[in-house]
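See below for the structure under consideration.
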Amino acid sequence: MARRNVTAGIDEEEATIEETFMPQTPHIERHFRGSETVRDIVIGMADGLTVPFALAAGLSGAIQTTSIIVTAGLAEIAAGSIAMGLGGYMAARSDAEHYDSERVREELEVNEKADIEASEVAEVFQSYGLTGVLSPTAILGRSRFIQDDGTFLLPNAARGRYFLMPVINSGAAYVAAARLGTQDVLGQPFEINSDTTGPLIIEIHGDGGTLEGIVTTRDGAAVANGQVMLVPPLPFREDQTAYKGSATDNQGRFRITAIRPGIYTAYALSQREEVGAWMNPEFITPHLPFGVEVNVGLGQALHRDFMVR
């Protein structure tokens, strides 16, 4: 059994937390995404209505022939439409090219100057009144915070309520336990404040389970680009890391690795959904009757085939 303990000290002056955290309650909200289209329509209508009327009013004072005034107005509408269309296209294209170049430059700087970029992120947070807050996601994965002895340190963590969200990129490894002092924080919210004491200990095992199989329809056809999701028991439903899923390939095959030993409920869908959706009771309730219990043991390799309802 491969194990690794990752620890961090936490005291009143300098709180430290592990890799990535998210808000306690999963929140799914939808926003209107057509604001740019509405903007273009409003600007186009304003220009398209104002200029033709102004042109017609000016020509009517100098020319008495109605047909010429109407023809000039229609010509201006056509020319204005083309001009507005080309102008909007060129502006959007220039803006996209500028964004792409800036993104490439920032990615390069994050890789080569991680510490400086982290400081810049901290300054952005501070400009919004979040004094002393350092965003862990700005630098984790770019700098080497976990030392050879398994310790790590993230200074200036903001006080508040957190969920532990460790990211492990190593085969069958999974988080087996997490404790802040004597408090179990795996899959549970915990507080960081002036009274918090540590260390934060994260225990990683390298013998997670594996589940693979095929997803088909009732007619036996393979479900491509579908999803199989392992939903944990109720005590861990708010722990995003406890959910394990996989998309299906063109033959309907899937493979889920690094599964924490335990009893799960497996669901198969014909389309992929984010983990946040599965954490939403309103989303998962209609699927409950179709769940299949799967018991994953330590280092166990299972094969299960599922049918989309």
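The values are calculated or read from the model by the stated rules, or taken from the named source; none is laboratory data. Quantities reported herein were computed from a predicted structural model and do not represent experimental measurements. FYI the Cβ positions are ideal-geometry reconstructions off the backbone, even for glycines, and counts take in every protein chain you see.
Set side by side, the residues 294, 228 differ, and just one is assigned to a strand (DSSP E or B), in contact with a Ser or Thr (Cβ under 6 Å, 6 or more places away or on another chain), surrounded by 14 or more Cβ atoms within 10 Å (Cβ to Cβ) and not assigned by TED's automatic domain parsing to the domain that holds residue 164, which is 228.
Tell me, yes or no, whether region 206-216 has at least one residue that is among the hydrophobic types (A, V, I, L, M, F, W, C), part of a strand (DSSP E or B) and surrounded by fewer than 17 Cβ atoms within 10 Å (Cβ to Cβ). If you could, list the steps in order and put the result at the bottom.
Initial filter on region 206-216 (among the hydrophobic types (A, V, I, L, M, F, W, C)): 211, 214-215.
When the remaining residues are screened for being part of a strand (DSSP E or B), the result is 211, 214-215.
Subset that is surrounded by fewer than 17 Cβ atoms within 10 Å (Cβ to Cβ): none.
Within region 206-216 (the criterion being among the hydrophobic types (A, V, I, L, M, F, W, C), part of a strand (DSSP E or B) and surrounded by fewer than 17 Cβ atoms within 10 Å (Cβ to Cβ)), the answer is no, since none of the residues qualifies.
Of the candidates 232, 261, 281, 289, the single residue that is in contact with a helix residue (DSSP H, G or I) (Cβ under 7 Å, 6 or more places away or on another chain) and not small (Gly, Ala, Ser) is 232. Of all residues being touching a Lys or Arg at 6+ places or on another chain (Cβ under 6 Å) and surrounded by 20 or more Cβ atoms within 10 Å (Cβ to Cβ) in region 171-203, which is nearest to residue 265 (Cα to Cα)? Just the residue, please. Checked region 171-203; the qualifying residue nearest to residue 265 (Cα to Cα) is 174.
Would it be correct to say that residue 76 is surrounded by 12 or more Cβ atoms within 10 Å (Cβ to Cβ), assigned to a helix (DSSP H, G or I), of a type in the set (D, E, K, R) and at pLDDT 80 or above? The answer is no for residue 76. Residues that are part of a strand (DSSP E or B) and β-branched (Val, Ile, Thr) were ranked within region 168-194; the one that is farthest from residue 261 (Cα to Cα) is 192. The single residue among 218, 272, 237, 255 that is under 17 Å from residue 175 (Cβ atoms), in contact (Cβ under 8 Å) with a residue 24 or more places away in the chain and charged (D, E, K, R) turns out to be 237. Quick one: residue 260 ticks every box in (1) buried (at least 18 other Cβ atoms within 10 Å of the Cβ); (2) not assigned by TED's automatic domain parsing to the domain that holds residue 303 except a single one, so which number is it? Only one criterion is unmet by residue 260, namely (2).
Going by the structure shown, is residue 309 modelled with pLDDT under 90, part of a loop (DSSP other than H, G, I, E, B) and either of a type outside the set (Gly, Ala, Ser) or within 26 Å of the chain's Cα centre (by Cα) (or both)? Taking the combined requirement at face value, the residue satisfies it.
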